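A.B. asks: Dropping a structure here in C-alpha cells format, bear with me for questions.
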Amino acid sequence: MMQEGLDDGPDFLSEEDRGPRAVNVDLQTDATLQVDISDALSERDKVKFTVHTKSTLPNFKQNEFSVVRQHEEFIWLHDSFVENEEYAGYIIPPAPPRPDFDASREKLQKLGEGEGSMTKEEFTKMKQELEAEYLAIFKKTVAMHEVFLCRVAAHPVLRKDLNFHVFLEYNQDLSVRGKNKKEKLEDFFKNVVKSADGVLVAGVKDVDDFFEHEKTFLLEYHNRVKDSSAKSDRMIRSHKSAADDINRIASTLYTLGTQDSTDLCKFFLKVSELFEKTRKIEARVAADEDLKLADLLKYYLRESQAAKDLLYRRGRALVDYENANKALDKARAKNKDVLQAETTQQVCCQKFEKISESAKQELIDFKTRRVAAFRKNLVELAELELKHAKGNLQLLQSCLGVLKGDT
Amino acid sequence: MSGSCGRNPPPFPDNEDLEAEIDARVLDSDEEDEGEDIFTGARSKPTTPTSAPDEGDIFSEEGSYIRSDVHHTTNGLHSDEELDLFTEATVELTLTNTTSQGRREIIGPTASACNTTHVPNSILKPSIVTKTMEELEEEESGDQFELNIAVTNPEKIGDGMTAYMSYKVSTQTTLPMFANKTFTVRRRFSDFLGLYEKMSAKNSLMGCIIPPAPQKSVVGMTKVKVGKEDSSSAEFVEKRRAALERYLQRVVAHPSLLQDPDVREFLERDELPRAVNTQTLSGPGLLKMINRASDAVNKMTIKINESDNWFESKLQEVENEEQLLRRLHAAVDSLVNHRKELCINTAVFSKSVAMLGSVEENSALSRALSQLAEVEDKMEQLHQQQAFSDFFILAELLADYVRLLGAVRCCFEQRMKVWQRLQEAQITLQKKREAEAKLLWANKPEKLQQAKDDINEWESKVSQYERDFERVTCTVRKEVLRFEKEKARDFKQHIVKYLESLLHTQHRLVKCWEAFLPEAKAIA
C-alpha cells in the first residue's frame with residue numbers, strides 16, 4: 001500500500017547529509033578505498049542498497065563502480081569474517097541489524113482502518129507523520145549498513161579480504177540465501193555452546209594484566225551500555241508520544257477555531273498554528289535524540305560485544321595453548337607421540353601469540369574510536385537540542401507577542 | 001430575583017479610564033504577568049464594560065456592577081502579596097515570614113506534598129511587583145469594590161473512614177454587605193456541594209448558569225482517609241483545593257449569585273450545618289438521580305416554536321463546543337500522562353548514564369557522561385513542572401468548561417421546562433373555557449360560578465407563566481452572553497499563561513544544554 005509511494009526511493013537521500021553518514025564511528029576516509037551507500041530502494045519486504053565504491057587499488061577492474069546488495073548479503077559477509085580463523089585476532093565490525101519496518105507498517109494499517117473515524121485533515125496529517133517515521137527508519141537502516149562497510153574498508157587487514165572485494169565488485173546476485181530453519185537451529189545451539197564456553201574461558205585468569213583488565217572492563221561496560229540503550233529508547237518513545245499528543249491538541253484547537261469567527265476563535269487558530277510548529281520541533285528533538293544518543297548506545301552495545309568476542313577467542317586460544325602444553329609435558333613424560341604433541345603446541349602457541357598481538361592494538365583502537373564517537377555525537381546532540389530549544393523559544397515568544405498584543 | 005444592591009454605580013467614563021490605566025500596567029511588565037497565577041484569589045484581566053453599547057446596559061443592571069469590580073484584579077493581585085492570608089494562597093517566591101509559614105502549613109499534612117506544592121514556586125519568576133493595597137486604592141478613585149477568595153490549608157480532621165479534609169476559605173473584600181473586610185472560615189468538601197445544591201434548587205427555573213461544584217471522588221478520598229501519605233494523595237488534595245478555589249471564584253463572579261444570602265453565609269458564618277443531602281446514597285441523592293433520568297427523557301420530546309432561532313442555534317453551538325472541548329481535554333490529559341512517563345523514563349535514563357560514566361575509563365568522557373546524567377536529571381524536573389502546568393493550567397480549565405457547558409445546557413432546559421409549563425397551562429385554560437361554554441349551553445348556573453373562578457385562576461396562571469417565560473428567555477440570553485465573555489477571557493488568559501510556562505521551560509532547556517556543550521567539547 002504505502003510502499004508503492006516510497007518506491008521512488010532515489011530522491012529521499014538528496015537531503016541534508018550526503019557525505020559519509022558514518023555517525024557512530026569516526027573514520028579516516030582513505031583515498032585508496034572509499035565505500036558508501038549511494039542509494040536505497042524499499043520494495044515490499046526487501047531493501048535494496050546500492051553500494052558505491054571508489055578505489056585506486058589495483059585489484060579492482062575499475063576505479064569507480066556500484067552494485068546492488070540486500071541485507072542477507074551483508075550478513076553473509078559478516079559471518080564469513082567471523083568464521084575466518086585468520087581474523088580471530090580482530091574486532092569484527094558488528095553486523096547491521098535487519099531492516100525492521102513491521103511496527104511502522106502496523107501503524108499505517110491501523111491508520112487505514114481508522115480512516116472513517118477522523119476528519120480528512122487529521123487523516124492526511126497522521127499519514128504524513130507515519131510516512132516521515134517510515135522514512136526515518138529507512139535512513140537509519142541505510143546508515144547502519146553503511147557504517148559496517150566503512151568500518152571494514154578502514155580496517156588495514158579486513159579491507160583486503162577477498163569476500164569483501166567480491167561483495168563490492170561482483171555485479172550479479174551473490175545467491176546468498178538467508179539461513180533456513182535447520183541452519184538457524186544450528187546457529188542457536190552454537191551460540192549456547194559458545195556462551196557456556198565463554199563462561200569457562202572467562203574464569204581462567206590471564207597472566208597479562210592488560211587483558212585481564214580489559215576483560216573486566218568490557219564485561220561491565222557492555223552491561224551498562226545495554227542498560228542505557230534500553231532506557232534511552234523508552235525515554236525517546238515517551239517523548240514521541242508527547243509530540244503526538246501536541247498534534248492532536250493542535251488539530252482540535254483548529255477545529256474549535258473554525259467553528260465561528262469570534263475573537264476567541266481567531267485566538268484558537270493562532271494557538272493551533274503555534275502548536276503545529278512546536279510539535280514539529282518536538283518530533284525533531286525526539287528524532288535527533290534517537291539518532292545521536294540511542295543509536296550511539298546501540299552501536300556501542302554491538303561493538304563492545306564484538307570486542308568481548310575477540311577476548312573470548314583469545315581466551316579460547318590461551319586455554320588451547322595451555323592444554324597443548326600440558327599434553328606435551330604428558331607426551332614427553334610417557335615418551336609417546338611427542339612430535340605430534342610438539343606440533344600441536346607450536347600451532348597453538350603461534351595462534352595465541354598472533355591473536356594477542358593484534359587484539360591489544362584492536363582494543364586500544366576501540367577505545368579511541370569510542371571516545372571520538374561519543375564526543376562527536378554528544379557535541380552534535382547538545383548543538384541540536386540548543387537549536388531546537390531556541391527555535392521553540394522564538395516561536396513561543398512571537399506567538400505570545402501577537403496574542404498579548406491582540407487582547 | 002437577586003436584590004438590588006442599592007448603590008449608584010459611578011458613571012462609566014471613570015471606569016474606562018481606570019481600567020485603561022490598569023490595562024497598561026498589566027501589559028507593561030512581564031513580571032506582573034508572571035506574578036499572576038492560578039493560585040491567587042483574583043483574576044487578571046479587567047473587563048471593558050463599554051465595549052458595546054447594549055452590553056453596557058447589561059452592566060448597569062443590578063448586581064453586575066459588582067462583577068466588574070471583581071475584575072480590577074491587579075489590585076487584588078498585588079495586594080495579595082501584602083496580606084498574610086493571600087500570600088499563603090499564592091505560594092509565591094516572596095520570602096516574607098508569613099509566606100514561609102503559610103507554605104509550611106500547606107505542606108503540613110504530608111511531607112510528600114512538598115513535591116507538588118513546591119513545584120509551582122519554580123514555575124513563577126522570582127520578580128514580583130509589590131504594591132500595597134492602600135496605594136492601589138488611591139490609584140483608583142476608591143469607588144471600586146472587590147472580592148478575592150482563596151482556598152488554602154487543607155488539613156485532615158479525624159481518622160479512619162470518618163476523616164475528612166478541612167479547607168480554609170479566606171475572603172478579602174471591600175463590599176459593604178459583608179461585616180468585615182477580611183474573614184476566614186473552615187469548610188469541608190460537602191459544604192461546597194451543599195452550597196451548590198442550595199443554589200441549584202433556588203434557581204431551578206430561573207435560567208441562570210450555576211457553576212458546577214467539583215466532582216466527588218471515592219477513590220481519591222479513600223486514599224486520603226486511610227492515611228496513605230504518598231505523592232498521589234497529596235496531588236489529589238492539591239487538585240481538589242484548586243478546584244474548590246476556582247469554583248468559589250466563579251460563584252462570586254456571578255452578579256446575582258453573589259447577592260444570594262446562602263453564598264454570604266457560606267463565606268462568613270463560622271459553623272455551617274452539615275449538608276447531608278449531598279451524599280450519593282442518601283434519599284435526596286437517589287431522588288436527584290431519578291429526576292435526572294426523567295429529565296433526559298423529557299428533553300427529547302419538547303420543541304419550542306421560536307420567533308428567532310437564536311436559542312436553537314446557540315444550543316447547537318454549545319453542544320458542539322462541549323464535544324470539542326471533551327476531545328481537547330482528552331488530548332491534554334494524554335499529554336500530561338506522557339509527560340509524566342517521560343519524566344520517569346528520563347530519571348531512569350539519567351541514573352543509567354551516570355553508571356555508564358563511572359565505568360568509562362577515559363576521564364574526560366567519563367566526566368562528560370556524568371554531566372549528561374545531570375542534564376537529564378534537570379530535564380526530568382523540567383518535564384515534571386511542565387506536566388504540572390499542563391494539568392493545572394490547561395487540563396483543569398478544559399474539564400471545568402466541559403462541566404460549565406453542561407450547566408449552560410441546563411439553562412436552556414430550564415427555559416424549555418418553563419415553556420412546557422406555559423403550554424400546559426394554556427391547554428388547561430382552553431379546557432376550562434370549553435367546560436364553561438358547555439355549562440352555559442347546558443344551562444347549569446350553579447356550576448357556572450365555579451367554572452368562571454377556574455377560568456380566572458388559570459388566566460392569571462397563564463399570564464404569570466408567560467411573564468416567567470419572557471423573563472427566563474431574557475435571563476438565559478443575558479447569561480449566555482456573560483458566560484461567553486467570561487469564557488473567552490478565561491481561555492485567553494489561561495492559554496497565555498500556559499504558553500508562558502512553555503516559554504519558561506524552553507529557557508531552562510537552553511541553559512541546561514549550553515552548560516553541557518563545553519563539557520562535551522572537552523572530551524579528548
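A.B. asks: Of (1) β-branched (Val, Ile, Thr); (2) modelled with pLDDT of 90 or more; (3) over 22 Å from residue B:404 (Cβ atoms), residue B:496 satisfies all except one. Which?
C.D. replies: Condition not satisfied by residue B:496: (3).
Yes or no, residue by residue, for (1) crowded, with 17+ Cβ neighbours inside 10 Å; (2) part of a helix (DSSP H, G or I); (3) at pLDDT 90 or above:
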site: B:438; (1), (2), (3): no, yes, no
site: B:448; (1), (2), (3): no, yes, no
site: B:459; (1), (2), (3): no, yes, yes
site: B:462; (1), (2), (3): yes, yes, yes
site: B:500; (1), (2), (3): yes, yes, yes
site: B:505; (1), (2), (3): yes, yes, yes
site: B:511; (1), (2), (3): no, yes, yes
site: B:514; (1), (2), (3): no, yes, yes
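A.B. asks: Could you list, in sequence order, the residues of the range A:380-407 that are among the charged types (D, E, K, R), over 9 Å from residue B:513 (Cβ atoms) and facing another protein chain (nearest Cβ under 7 Å)?
C.D. replies: Once the filter is applied, which keeps residues that are among the charged types (D, E, K, R), over 9 Å from residue B:513 (Cβ atoms) and facing another protein chain (nearest Cβ under 7 Å), the range A:380-407 yields A:390, A:404.
A.B. asks: Within 30 Å of residue B:380 (Cβ to Cβ) and over 27 Å from the mean Cα position of the chain (by Cα) - does that describe any residue in the range B:492-506?
C.D. replies: yes
A.B. asks: Another question about this same structure. Looking at the range A:205-224, which of the residues that are of a type in the set (Asp, Glu) and either within 10 Å of chain B (Cβ to nearest Cβ) or under 28 Å from the mean Cα position of the chain (by Cα) (or both) is surrounded by the most Cβ atoms within 10 Å (Cβ to Cβ)?
C.D. replies: Here the residue is A:214.
A.B. asks: Is there a residue being without any contact (Cβ under 8 Å) to a residue 60 or more places away in the chain, at the interface with another protein chain (Cβ under 9 Å from one of its Cβ atoms), surrounded by fewer than 19 Cβ atoms within 10 Å (Cβ to Cβ) and touching a helix residue (DSSP H, G or I) at 6+ places or on another chain (Cβ under 8 Å) anywhere in the range A:329-349?
C.D. replies: No, every residue in the range A:329-349 fails to be without any contact (Cβ under 8 Å) to a residue 60 or more places away in the chain, at the interface with another protein chain (Cβ under 9 Å from one of its Cβ atoms), surrounded by fewer than 19 Cβ atoms within 10 Å (Cβ to Cβ) and touching a helix residue (DSSP H, G or I) at 6+ places or on another chain (Cβ under 8 Å).
A.B. asks: Would you check which residues across the range A:266-286 are β-branched (Val, Ile, Thr) and facing another protein chain (nearest Cβ under 8 Å) and list them?
C.D. replies: A:271, A:278
A.B. asks: What number goes with the only condition from (1) modelled with pLDDT under 90; (2) away from every other protein chain (no Cβ under 11 Å) that residue A:299 does not pass?
C.D. replies: Only one criterion is unmet by residue A:299, namely (1).
A.B. asks: Give the residue, chosen from A:121, A:129, A:146, that is in a helix (DSSP H, G or I), in contact with a strand residue (DSSP E or B) (Cβ under 6 Å, 6 or more places away or on another chain) and not hydrophobic (A, V, I, L, M, F, W, C). I'd like the intermediate steps shown before the answer.
C.D. replies: On the way: A:121 fails: in contact with a strand residue (DSSP E or B) (Cβ under 6 Å, 6 or more places away or on another chain); A:129 fails: in contact with a strand residue (DSSP E or B) (Cβ under 6 Å, 6 or more places away or on another chain).
Testing whether each residue is in a helix (DSSP H, G or I), in contact with a strand residue (DSSP E or B) (Cβ under 6 Å, 6 or more places away or on another chain) and not hydrophobic (A, V, I, L, M, F, W, C) leaves just A:146.
A.B. asks: Another question, then. Only one residue in A:292, A:280 is assigned to a helix (DSSP H, G or I), within 23 Å of the chain's Cα centre (by Cα) and basic (Lys, Arg). Which one?
C.D. replies: Values: A:280 fails: within 23 Å of the chain's Cα centre (by Cα).
After applying the criteria, what remains is A:292.
A.B. asks: Among the residues of the range B:385-407, is there at least one that is surrounded by 18 or more Cβ atoms within 10 Å (Cβ to Cβ), more than 26 Å from the chain's Cα centre (by Cα) and closer than 26 Å to residue B:479 by Cβ?
C.D. replies: No, there is no match, as no residue in the range B:385-407 is surrounded by 18 or more Cβ atoms within 10 Å (Cβ to Cβ), more than 26 Å from the chain's Cα centre (by Cα) and closer than 26 Å to residue B:479 by Cβ.
A.B. asks: Right, another one. Kindly establish whether residue A:249 is at the interface with chain B (Cβ under 7 Å from one of its Cβ atoms), among the aliphatic types (A, V, I, L, M) and part of a helix (DSSP H, G or I).
C.D. replies: Answer is yes for this residue.
A.B. asks: Would you confirm whether any residue within the range A:392-406 is modelled with pLDDT of 90 or more and of a type in the set (Asp, Glu)?
C.D. replies: No - not one qualifying residue is present in the range A:392-406.
A.B. asks: Give all pairs with beta carbons closer than 6 Å in which a residue from the range B:236-251 that is without any contact (Cβ under 8 Å) to a residue 40 or more places away in the chain meets a residue that is surrounded by fewer than 19 Cβ atoms within 10 Å (Cβ to Cβ); count only pairs at least 6 apart in sequence or on separate chains.
C.D. replies: Between residues of the range B:236-251 that are without any contact (Cβ under 8 Å) to a residue 40 or more places away in the chain and residues that are surrounded by fewer than 19 Cβ atoms within 10 Å (Cβ to Cβ), the close pairs are B:236/B:220.
A.B. asks: Does the range B:177-200 contain any residue that is among the small types (Gly, Ala, Ser), farther than 22 Å from residue B:239 by Cα and at pLDDT 85 or above? Steps first, please.
C.D. replies: Within the range B:177-200, the subset among the small types (Gly, Ala, Ser) is B:179, B:190, B:194, B:200.
Applying the additional criterion that residues be farther than 22 Å from residue B:239 by Cα yields B:179, B:200.
Subset that is at pLDDT 85 or above: B:200.
Checked against the condition, which is being among the small types (Gly, Ala, Ser), farther than 22 Å from residue B:239 by Cα and at pLDDT 85 or above, the range B:177-200 yields at least one hit.
A.B. asks: Then there's this: In the set A:233, A:263, A:227, which member is facing another protein chain (nearest Cβ under 10 Å), of a type in the set (Asp, Glu) and closer than 30 Å to residue B:326 by Cβ?
C.D. replies: A:263
A.B. asks: Conditions first: (1) at the interface with another protein chain (Cβ under 8 Å from one of its Cβ atoms); (2) surrounded by 21 or more Cβ atoms within 10 Å (Cβ to Cβ); (3) touching a residue at least 12 places away in the same chain (Cβ under 8 Å); (4) farther than 22 Å from residue A:227 by Cβ. Residue B:338 passes all but one, so which condition is the exception?
C.D. replies: Result: residue B:338 passes all but (3).
A.B. asks: Can you name every residue in the range A:142-188 that is in contact (Cβ under 8 Å) with a residue 24 or more places away in the chain and small (Gly, Ala, Ser)? Show your work before the answer.
C.D. replies: Residues of the range A:142-188 that are in contact (Cβ under 8 Å) with a residue 24 or more places away in the chain, as a first pass: A:142-155, A:157-159, A:161, A:163-165, A:167-171, A:174, A:176-178.
A:143, A:153, A:154, A:178 - these are the residues of the range A:142-188 that are in contact (Cβ under 8 Å) with a residue 24 or more places away in the chain and small (Gly, Ala, Ser).
A.B. asks: Are there any pairs with C-beta distances below 9 angstrom linking a residue in the range B:452-464 that is not assigned by the TED database to the domain that holds residue B:433 to a residue that is surrounded by fewer than 14 Cβ atoms within 10 Å (Cβ to Cβ) and of a type in the set (Ser, Thr, Tyr), with the two at least 6 apart or on different chains, and if so which?
C.D. replies: none
A.B. asks: Something else now. In the range A:360-369, which residue that is crowded, with 16+ Cβ neighbours inside 10 Å and more than 8 Å from chain B (Cβ to nearest Cβ) is farthest from residue A:214 (Cα to Cα)?
C.D. replies: So the residue we want is A:369.
The values are calculated or read from the model by the stated rules, or taken from the named source; none is laboratory data. Keep in mind it's a predicted model, so treat the numbers as computed, not measured. Glycine gets a Cβ as well: all are built from the backbone with ideal geometry, and neighbour counts include every protein chain shown.
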